[in-house]
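One structure is given here, and the rest of the page talks about it.
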Amino acid sequence: YVGQEPASHVTALYNRVLSAALPEMGIDCVILPRLSLDGEIISASTVRQCIHDRDMQSLSHMLPDTSLRYFLSPEAEPVIKAIRAMPSPRHY
C-alpha cells in the first residue's frame, strides 16, 4: 500500500514504478487516495509548508494528536528551524 502523491513529482514517479514492477513479482500495489482538508491534500509536503509559513493552527486539523504535540514541543525546535530555513519545503 502506498499513498497517492499529487504534491510530489518524485513520490508520484516512485508510485508508478512500484505499480508496474510489483505485480511482475506477484505483489499487489494499491495506491490509496490521500485525505484532504477543504479540498487540499494532506501530505508531508503540506505539513512542512504549514510549518514553514508559521501556520501551526492548520496542523491541528491535519495531524494526529501525537504528531501535533511533538511539533508544539521544544524537542521539535531544530526540525522546525530547518524547515523554516528551506526556500521551499515541498519536495519534487
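The values are calculated or read from the model by the stated rules, or taken from the named source; none is laboratory data. Just so you know, these numbers come straight off a predicted model, no measurement behind them. Counting neighbours? That spans all protein chains shown, and the Cβs are built from the backbone with ideal geometry, glycine included. Protein only, heavy atoms only, side chains kept; ligands, DNA and RNA dropped before computing areas. Shrake-Rupley method; radii C 1.70, N 1.55, O 1.52, S 1.80 Å.
Which net charge results for the neighbourhood of Pro89, defined as the other residues with beta-carbon distances under 10 angstrom from its beta-carbon, given Lys and Arg at +1 and Asp and Glu at -1? Could you put the intermediate results ahead of the total?
Details: positive: Arg48, Arg84, Arg90; negative: Asp53.
With Lys, Arg at +1 and Asp, Glu at -1, the net is +2.
So, counting K/R as plus one and D/E as minus one, what does the shell of residues with Cβ under 13 Å around His52 add up to?
On the way: positive: Arg48, Arg54, Lys81, Arg84, Arg90; negative: Asp53, Asp55.
Counting the neighbours of His52, the net charge comes to +3.
Carbon-plus-sulfur fraction of the accessible area of the chain, 1.4 Å probe, in percent?
On the way: 3720 of 6280 Å².
The computed percentage sits at 59.
I want to verify a result. In a Gaussian network model of the chain, Cα cutoff 10 Å, which of these has the top mean-square fluctuation: Glu40, Glu77, Glu24?
Glu24
Just the accessible area per residue of the chain, please: how many Å² with a 1.4 Å probe?
Here the per-residue accessible area is 68 Å².
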